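Worksheet for the structure shown next.
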């Protein structure tokens, strides 16, 4: 199939502002948008710049805005996105070059929620036991790959970059609902901040954007409930 | 010459499972930093699916000695048995440690770490498959990577994210640091260190169909070669039997562990012909060859080069009856749609997304995919890099994970042993480096000269006005290696491959790139990385050409038998600046298991 890619370009060493550039290519419906970007880079214009690594949706490098929706370029097939495809960097983070954004503000929010296991009791000789039922309570949020599709699709985050954002809340959720963890109270206090969970307006963009099909909005709601409940 | 200067006791290059585990342990005691060309959570450890092997015996009888023997046999008796015994004995402890770090393993009904069957892992008495793979759904690698990164954040490990290593600083045969390129700015950084650990992963992109990320370009091993040091057992590269057709995306062996069967184009289950006892759960080299032979015999699906992996409950339950496969409680095994969807959630997603197949309803089209390097930078059991076949060490240099070769995988790695290797030897390497550097002072380096050397290499690419394209050269290399240095190999093909690879190396000297800028110049870095892949392809082909036997993943049509008398030895390959390859050999460490014929 003949496809037209309209890509937002920006080279910080040359351009004062981003601009659009179009490319026409012959692709197969089962090809990924990433295949087309790599084709352009390898055969048409080596300056086109994006991040990518695993190319099958588990490393989270190639999040971008494709036809207005955040997704991973390696999980977007032309059979789904059609033959007129607009590609921009994910929004709300500073653009470094073409489709590459500065991930540091995103990672800072991630680090702020104590995204690590906390349990100061002496470890047993073997594993800590956990029931299958307890394990399932945080199953969804363990799937997060930190691609930033959710956070950078959130209008609240665009408006207020101090908002911790859905990805960081999902990461906190992963520990708050882990029966083995002891750091929930600290995390809930962090997320009860004005720039924490209450900035979420339940717009569901995050859930729609998640390439791992995590029910992000639901996870945020569970954390909100936990904050209310723990304060009662 | 402009550059930034940093000083850390320990520098670790690569932030996958081995690098992060080493960083955690070294970082507890000495000043440690990790350099990674990707954000750590993008590392390819995250792609590992099925499990990490450890004889916990949570669901049935198991012993680390059985695990060790299975690994030695899987390796086709060319693994070093002392290292294998150490790894398998250490396995339960390191898995419990991961659990204590919060790793969310799946659970058994009584709340313990869940375990599943995997290829080549057996009850040594009954010879039947044993549940040894500790798993977290089908994203165990993702969970390990995330957990280790979380712990690194907790313990304030220093990270230099998106820095590409471009050279090792070697003085008087000692490693004293690294030169790296800050991808965002294009500036060069000198990292002065007492200990440098390479944990850069594999180089599957040398072949066409691969399960590997395209960022896996063997940077560590290629730089080791360039400094006149050897690589070990490069001819042993694993082709995983079940890559998604055309894309090569890994479809975990756990699919077969949970009952999935391989079906050829005639609708026949063919593995019983090749491995009567464990069938689909034979080791990977055996299953990949079986698929290849089915395809060669015209039994591929639609006459093409793929077969079906069938995990539909209807088929699986049928073969559970046929095989009389039972649960530990004596009941016949049985699965349903829900089981497939939850235990194999990610691969269900891959199948739906990329080939439009729902694995609970239809079979999955699969073909062998270049997956894992058994060879790499030779090390001792403490991850010290070796300078030669005599076993002399390279002071200051360490390697762990897939880029290293201890050797615990020998001629063929068992599934679940890669994740195990990462965490066992990452941990050991981290501890050893911490002890080693406490006894050492920083030794002098000529940072100016180190930077000038790298700058000259980059300028040679940036200013080259040649007409060749690194992307085309890379594609031709993949074609050559796929055609002639793949699942089956013969003398003429490999000799031709060596010749053609040499031509490509000449052409590589005349590449040009479009991007001459400083900011995020991935065009420049990818061009440099193709040079690494070409060196690794050449030493792989030369090592394979010389080994006149069939063993593990190295299968030759012209020498179909294993030859223990002449070839029970490790290859040590050197590459000089002119492209001349020198092959030497070193003995295999045998503790108590003498080679026997391998049957599954």
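Looking across B:93, B:161, one residue alone is modelled with pLDDT of 95 or more and over 23 Å from residue A:113 (Cβ atoms). It is B:93. Of the residues B:260, B:265, the single one that is surrounded by fewer than 24 Cβ atoms within 10 Å (Cβ to Cβ) and in contact (Cβ under 8 Å) with a residue 40 or more places away in the chain is B:265. For the condition at the interface with another protein chain (Cβ under 10 Å from one of its Cβ atoms), farther than 15 Å from residue A:75 by Cβ, in contact with a strand residue (DSSP E or B) (Cβ under 7 Å, 6 or more places away or on another chain) and in contact (Cβ under 8 Å) with a residue 40 or more places away in the chain, residue A:18 does not qualify. For the residues B:491, B:468, the requirement of being touching a strand residue (DSSP E or B) at 6+ places or on another chain (Cβ under 6 Å) and surrounded by fewer than 17 Cβ atoms within 10 Å (Cβ to Cβ) singles out B:468. Of the residues B:164, B:238, the single one that is in a strand (DSSP E or B) and within 14 Å of chain A (Cβ to nearest Cβ) is B:164. Could we say that residue A:6 is over 30 Å from residue B:138 (Cα atoms) and either modelled with pLDDT under 95 or not assigned by TED's automatic domain parsing to the domain that holds residue A:197 (or both) here? So residue A:6 passes the test.
Evaluate the following for residue B:533: is it away from chain A (no Cβ under 14 Å), closer than 22 Å to residue B:403 by Cβ and at pLDDT 95 or above? In short, yes. The condition of being in a helix (DSSP H, G or I), more than 13 Å from residue B:235 (Cα to Cα) and more than 14 Å from chain A (Cβ to nearest Cβ) holds for only one of B:542, B:526, B:503, that being B:503. For the stretch A:125-148, filtering for residues that are more than 26 Å from residue A:55 (Cα to Cα), more than 8 Å from chain B (Cβ to nearest Cβ) and in a loop (DSSP other than H, G, I, E, B) leaves 1. Scoring residue A:155 on the criteria (1) surrounded by fewer than 24 Cβ atoms within 10 Å (Cβ to Cβ); (2) within 12 Å of chain B (Cβ to nearest Cβ); (3) in contact with a helix residue (DSSP H, G or I) (Cβ under 8 Å, 6 or more places away or on another chain) leaves a single failure, condition (2). Scanning the stretch B:96-118 for residues that are facing chain A (nearest Cβ under 7 Å) and not in a loop (DSSP other than H, G, I, E, B), we see that the one that is surrounded by the fewest Cβ atoms within 10 Å (Cβ to Cβ) is B:100.
Here the stretch A:111-124 is the region considered, the condition is being touching a residue at least 12 places away in the same chain (Cβ under 8 Å), assigned to a loop (DSSP other than H, G, I, E, B) and more than 7 Å from every other protein chain (Cβ to nearest Cβ), and the residue that is farthest from residue A:163 (Cα to Cα) is A:121. Just one of the listed residues (B:281, B:262) is in contact with a strand residue (DSSP E or B) (Cβ under 8 Å, 6 or more places away or on another chain) and closer than 19 Å to residue B:332 by Cα, and it is B:281. So which residues in the stretch A:66-103 are assigned to a loop (DSSP other than H, G, I, E, B) and within 14 Å of chain B (Cβ to nearest Cβ), if there are any at all? The answer is A:76, A:89, A:93, A:94, A:98, A:99, A:102, A:103.
The values are calculated or read from the model by the stated rules, or taken from the named source; none is laboratory data. Since we're looking at a predicted model, the values are computed, not measured. Heads up, the Cβs are rebuilt from the backbone with ideal geometry, glycines too, and the neighbour counts pull from every protein chain shown.
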